[in-house]
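In what follows, a structure is listed as structure tokens, so that the remarks can point back to it.
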Amino acid sequence: MRKRIFRSMCLLALTAVILTSVLVSAMVYARSFTEMKTQVQREAALISVGLSHGGEDYLGALQIDYGDDFRITRIRRDGMVLFDSDAEPGRMENHLSRPEVQAVLSGQWSGEAVRRSETMDTKTYYYALALADGTVLRLASTMRSAFGAVLSVAPLMVFIAVVVLLLTLLLARRMANLIIGPLNALDLEHPERDGAYEELSPLLSRIAQQNRSIGRQMRQLTARQEEFRLLSENMSEGLLLLDRNAAILTINNSAQALLGGDADRDYASQHFLQLSRDLQLQKLIEKALGGDRAEDTLPFRGRQYQVIASPVTADETIRGALLLFLDVTERQQAEQMRREFSANVSHELKTPLTSISGYAEMLAGGMVRDGDIKMFAGRIYSEAGRLLALIQDIIKLSRLDEGTAQEQAEPVDLYEVAKQVVERLALPAAERQVAVTVEGEPTVVLGAPAMLDELMFNLCDNAVKYNKAGGSVTVSARPARDGACLAVRDTGIGIPHGLTERVFERFYRVDKSRSKDTGGTGLGLSIVKHIAQIHGAQVSIESKEQVGTCIRVKFPPN
Amino acid sequence: MRNRFDMQLRQLDCELIQLGAMIEHAIAGAAKALLECDAEKAHEVAGLDDGIDQKERDIERLCLKLLLQQQPVARDLRQISAALKMITDMERIGDQAADIAEIAVMLAGRGEPLLGSAHIGDMARATIRMVSDSVDAFVKKDLELTRAVVRYDDVVDDLFDEVKNDLIRFIAQNSACGEQAIDFLMVAKYFERIGDHATNIAEWVEFSITGQHKDETE
């Protein structure tokens with residue numbers, strides 16, 4: 001830009017200088033030629049008057065110094081030169097043929113002519129006048145030609161041109177600085193702040209406007225990104241976003257931790273392999289980047305994760321893959337439990353039904369003696385009872401599982417409940433020669449009476465059932481510092497070390513061979529645990545084999 | 001041009017990590033097949049070897065292409081030449097894992113109980129760790145880890161001696177089971193060799209980072 005400004009200004013100045021000098025010289029030349037002509041004619045008139053008054057000698061007397069440029073000639077009518085101010089008249093040729101002389105001889109009062117001399121580069125003006133004595137007076141004045149005149153001033157012109165050029169350069173420089181300086185010094189971040197010249201202001205205000213809109217968009221984007229980051233960081237699920245070359249675009253903390261990445265390393269824009277070399281995971285990613293959704297359950301850090309890899313497509317091309325890691329450890333465990341539960345349920349239901357069906361078949365086939373019918377019917381009856389108890393327990397458990405058994409919470413005195421339950425158990429306890437005692441004081445907790453009754457019954461029933469002849473059961477209910485404590489202690493067979501936690505599992509029996517004798521369903525303690533959970537209570541168990549068991553239920557404060 | 005070269009170098013890196021992951025998988029699978037008498041796993045590991053060989057050839061081709069087309073110098077040249085050396089060791093580890101798996105199939109087929117040498121399990125775990133660490137060192141360009149791998153080789157060598165002593169005692173007590181003992185000695189030797197290859201990998205990783213191989217520093 002600076003160069004262009006320079007060039008155009010210099011060109012302008014030069015053209016102006018040349019044009020001006022040419023025009024001026026042409027005008028001056030034309031004018032001076034006219035002036036010369038007038039002067040020559042006036043001179044001629046003066047000389048003719050002088051000649052008529054002063055006679056022949058006048059010209060001789062006049063012969064002072066006419067200079068190179070001025071010449072006087074007197075010519076006879078036959079063309080002979082009588083006088084010449086420059087040369088010897090005798091040596092001069094006949095002047096009859098000269099146009100100016102011819103013009104006078106042909107009768108005109110005066111004649112003139114202009115002749116150029118190419119060699120001398122001059123132009124001569126001839127003026128002839130008829131004198132009274134019949135001779136012809138001719139005056140000549142020589143001038144340099146127009147081109148010559150121009151040439152003669154050329155050095156001056158060059159000088160002027162150089163001066164003008166120099167000035168122009170200086171000016172152009174200043175000008176360029178004036179134009180470009182503010183442009184260079186422009187603060188594009190704050191274009192409206194400093195005052196550049198006003199022609200720039202539309203541009204600057206436009207830039208300022210765009211700056212503002214870019215700033216606004218940047219803030220929006222940053223906010224959105226921050227939102228996404230917070231969202232993904234706080235997800236417990238692992239999230240991993242890859243581009244189509246399997247380089248990491250986004251990874252949240254959970255994914256980074258479960259894939260074993262260094263916590264303080266930034267994996268963004270690194271290849272996925274830098275993070276994990278798990279081959280199964282690589283297969284999933286390959287599938288997703290190939291355009292298919294893939295899913296698998298893989299172990300990471302001792303837990304099971306369901307990994308879902310889906311392709312990310314835009315405009316029908318695959319842009320990357322999204323991986324989601326869901327912790328399914330608990331779900332898998334729960335599924336496992338459910339599977340075991342249904343297997344157990346069918347087994348437990350089958351056992352009494354097989355007996356019933358067997359006895360009934362014998363009865364129907366008439367294979368039973370009349371005297372034994374009563375005994376067989378009794379067995380069928382007791383097995384059906386077991387079946388019913390089992391189904392009842394399963395119904396109870398499933399209700400507790402679903403949470404449909406929720407009852408209105410009301411104050412319940414555990415001590416009272418304990419006494420009632422012990423009363424109900426008096427007969428079976430007596431049969432097994434077990435002494436049951438209740439101790440403690442009125443202990444009121446908030447809860448569902450039916451459920452708490454069930455809990456108490458199951459605990460005491462177990463304590464009586466798994467006892468030895470002559471043993472004892474002590475039920476105690478007492479308010480504690482933080483809530484209430486219920487304890488059922490027996491002097492029974494106890495539970496082997498290491499199995500105490502398993503007794504709460506559904507259908508778990510420590511001694512599987514005893515289930516028939518005691519008539520239990522294997523669900524009692526599961527129900528106890530569920531009811532305790534619903535009441536926010538903690539169940540703990542202490543047991544020593546062949547010494548006894550103590551189960552404590554700690555209720556939270558009301 | 002440089003951009004494309006950088007991309008190819010990154011690809012080389014990724015392919016090497018992939019090969020590393022494959023041999024890790026193979027050696028872990030071989031150890032599991034051996035220690036748990038899992039014939040199915042052993043067959044799976046034996047099948048991995050073809051993939052490993054193919055990968056080795058792919059990487060080799062890529063390295064040669066880079067050498068010819070890009071004429072790398074300095075660090076880039078080091079990276080590529082180290083890669084060429086590393087894949088040889090990695091491929092050997094893959095072969096030896098397959099060999100272990102083969103013996104595992106044989107042992108599982110005979111249904112003989114595992115020998116009373118606890119050290120073979122330790123050895124398997126130690127070599128898996130060495131291989132894993134050497135690949136890790138490559139991924140993270142971790143000099144400290146490469147040196148740890150080199151040092152750890154002594155542990156594996158010591159374990160090899162222990163296994164050997166165990167087996168000598170075992171043969172002295174039950175001379176009938178000599179064949180099984182020999183098989184186990186082979187397995188132990190394979191593990192020991194894998195440890196050496198892992199050491200080599202670690203040394204080449206160090207070379208690609210610092211430009212100095214062990215022979216020059218000693």
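Any read-out appearing in this document is the output of simple, stated calculations on the displayed coordinates, not a laboratory observation. On a predicted model such as this, the values are computed, not experimentally measured, just so you know. Backbone-built Cβ (ideal geometry, glycine too); neighbour counts: all protein chains shown.
Of A:HIS190, A:ALA26, A:ILE395, which is farthest along the charge dipole of chain A in the positive direction, counting Lys and Arg as +1 and Asp and Glu as -1 at C-beta?
A:ILE395
Which residues does a label at B:LEU67 reach in region B:76-105, if reach means a backbone N under 16 Å from a point 7 Å past the Cα toward the Cβ?
B:76-89
Can you give the direction-averaged projected area of the convex hull of the alpha-carbon atoms in region A:332-402, in nm²? All intermediate terms of the calculation are to be shown ahead of the outcome.
Values: hull surface 21.2 nm².
Value for region A:332-402: 5.3 nm².
Could you size up the charge dipole of chain A around its Cα centre, putting +1 on the beta carbon of Lys and Arg and -1 on that of Asp and Glu, and report it in debye to the nearest 20? Don't jump to the answer; show the numbers that get you there.
Values: 64 positive and 69 negative charges, 102 e Å.
Using Cβ point charges on Lys, Arg, Asp and Glu, chain A gives about 500 debye.
Give the residue list of trypsin sites (Lys or Arg not before Pro) in region A:467-558 that are DSSP loop and have at most 10 other beta-carbon atoms within 10 angstrom.
On the way: sites: A:LYS468, A:ARG481, A:ARG489, A:ARG502, A:ARG506, A:ARG509, A:LYS512, A:ARG514, A:LYS516, A:LYS529, A:LYS544, A:ARG552, A:LYS554; in loops: A:LYS468, A:ARG481, A:ARG506, A:ARG509.
Loop-located and lightly packed - A:ARG481.
Round to a whole angstrom and tell me the spacing of the C-alpha centers of region B:188-213 and region A:393-450.
70 Å
For the protein assembly as shown, state the average projected area of the convex hull of the C-alpha atoms over all orientations, rounded to one decimal in nm². All intermediate terms of the calculation are to be shown ahead of the outcome.
Numbers: hull surface 313.9 nm².
Across all orientations, the protein assembly as shown yields a mean hull projection of 78.5 nm².
What does the extension gain come out to for A:GLU198 and A:MET337, with contour length at 0.36 nm per residue minus their alpha carbon separation? Let's see the in-between values first.
On the way: separation 139, 0.36 × 139 = 50.04 nm, distance 8.20 nm.
Additional length available on full extension: 41.8 nm.
For chain B, list the DSSP H helices whose alpha carbon atoms reach 15 Å or more along the long axis and whose average Kyte-Doolittle value is -0.5 or above? Present the calculation step by step, with values, prior to reporting the outcome.
On the way: long enough: B:2-35 (49 Å, 0.20); B:39-70 (47 Å, -0.60); B:74-110 (55 Å, 0.16); B:119-140 (30 Å, 0.20); B:143-173 (46 Å, 0.00); B:178-210 (48 Å, 0.09).
Flagged H segments are B:2-35, B:74-110, B:119-140, B:143-173, B:178-210.
Where the only charges are on Cβ atoms (+1 Lys, Arg; -1 Asp, Glu), what is the dipole of chain B about its Cα centre, to the nearest 20 debye? Don't skip to the end; give the middle numbers.
Details: 25 positive and 42 negative charges, 156 e Å.
Using only the charged Cβ atoms, the result is roughly 760 debye.
How many nm separate the modelled label positions at A:LEU167 and A:ARG115, each set 7 Å beyond the Cα in the direction of the Cβ?
Those two pseudo-labels are separated by 4.5 nm.
Helix-only mean residue ellipticity at 222 nm, chain A, DSSP H runs n ≥ 4 weighted -39,500 (n - 2.57), per residue, nearest 500. What is it?
Working: 14 runs with 273 residues, N = 558.
Taking each H run of at least 4 residues, the total per residue is -17000 deg cm²/dmol.
Mean shadow of region A:410-555, computed from the convex hull of its alpha carbons, in nm²? Display every interim value, and only then the final one.
Working: hull surface 31.6 nm².
Seen from a random direction, the Cα hull of region A:410-555 projects 7.9 nm² on average.
Between A:ARG216 and A:GLN39, how many nm apart are label points set 7 Å from Cα along the C-beta direction?
The two pseudo-label positions are separated by 8.2 nm.
Using the structure shown, select from B:LYS55/B:LYS140; A:LYS396/A:LYS529; B:LYS41/B:LYS164; B:LYS55/B:LYS141; B:LYS164/B:LYS189 the pairs with a Cα to Cα distance greater than 18 angstrom. It would help to have the intermediate numbers written out before the result.
On the way: B:LYS55/B:LYS140 21 Å; A:LYS396/A:LYS529 12 Å; B:LYS41/B:LYS164 26 Å; B:LYS55/B:LYS141 21 Å; B:LYS164/B:LYS189 9 Å.
With Cα atoms farther than 18 Å apart: B:LYS55/B:LYS140; B:LYS41/B:LYS164; B:LYS55/B:LYS141.
If I take every Cα pair under 8 Å that is 6 or more residues apart in region B:2-217, average their sequence separation and divide by the length, what percent do I get for the relative contact order? Provide the component values of the computation, followed by the final result.
On the way: 259 pairs, mean separation 56.9, N = 216.
Contact order relative to length: 26 percent.
Which entries in A:LYS287/B:LYS214; A:LYS350/B:LYS32; A:LYS283/B:LYS65; A:LYS419/A:LYS554 show an alpha-carbon gap greater than 30 Å?
Details: A:LYS287/B:LYS214 41 Å; A:LYS350/B:LYS32 41 Å; A:LYS283/B:LYS65 27 Å; A:LYS419/A:LYS554 19 Å.
In this structure, A:LYS287/B:LYS214; A:LYS350/B:LYS32 exceed 30 Å between Cα atoms.
Which is the longest run of chain A containing none of the chymotrypsin sites (Phe, Trp or Tyr not before Pro) found in DSSP loop states (not H, G, I, E, B) with at most 16 other C-beta atoms within 10 Å? Don't jump to the answer; show the numbers that get you there.
Values: sites that count: A:TYR66, A:TRP109, A:TYR197.
My reading of the result: A:198-558 is the longest stretch.
Please give the contour-minus-distance gain from A:LYS544 to A:ALA469: 0.36 nm per residue of separation, less the Cα-Cα distance, rounded to one decimal in nm. Working shown, then result.
Numbers: separation 75, 0.36 × 75 = 27.00 nm, distance 1.75 nm.
Contour length minus the Cα-Cα distance gives 25.3 nm.
I want to verify the translational diffusion coefficient of region B:2-217 in µm²/s; compute it with Stokes-Einstein, Rh as the Kirkwood radius over Cα pairs, at 37 °C and 0.692 mPa s.
Estimated diffusion coefficient is 182 µm²/s.
Please go through region A:169-229 and write out the GluC sites (Glu not before Pro) that DSSP classes as loop and that have at most 15 other C-beta atoms within 10 Å.
Answer by residue number: A:GLU189, A:GLU192.
Please check which bits of region A:331-351 a label hung off A:ALA364 would reach, taking the label as a point 7 Å along Cα-to-C-beta and the cut-off as backbone N under 18 Å.
So the set is A:350-351.
What FRET efficiency, computed as 1/(1 + (r/R0)^6) with R0 = 45 Å and r the Cβ-Cβ distance, is obtained for A:VAL312 and A:GLU189, rounded to the nearest 0.05?
On the way: r = 36 Å, r/R0 = 0.80.
For A:VAL312 and A:GLU189, the calculated efficiency is 0.80.
Starting from the amide H of A:PHE83, placed 1.01 Å from N in the peptide plane, find each other amide H under 5 Å away whose residue is 5 or more places distant or on another chain.
A:ARG74
Tell me, in nm to one decimal, what length is gained between A:MET92 and A:VAL328 on full extension, where the rule is 0.36 nm per residue of separation less the Cα-Cα distance? Write out the running numbers ahead of the final one.
Details: separation 236, 0.36 × 236 = 84.96 nm, distance 13.72 nm.
Net length gain for the segment: 71.2 nm.
Would you calculate the separation in nanometres between label points at B:LEU84 and A:ILE395, each defined as 7 Å from the Cα along the Cα-to-beta-carbon direction?
8.2 nm
What is the ratio of the Cα radius of gyration of region A:243-370 to 2.2 N^0.38 Å, where N is its residue count, to two decimals? Could you put the intermediate results ahead of the total?
Details: Rg = 26.2 Å, N = 128, 2.2 N^0.38 = 13.9 Å.
Normalised Cα radius of gyration, region A:243-370: 1.89.
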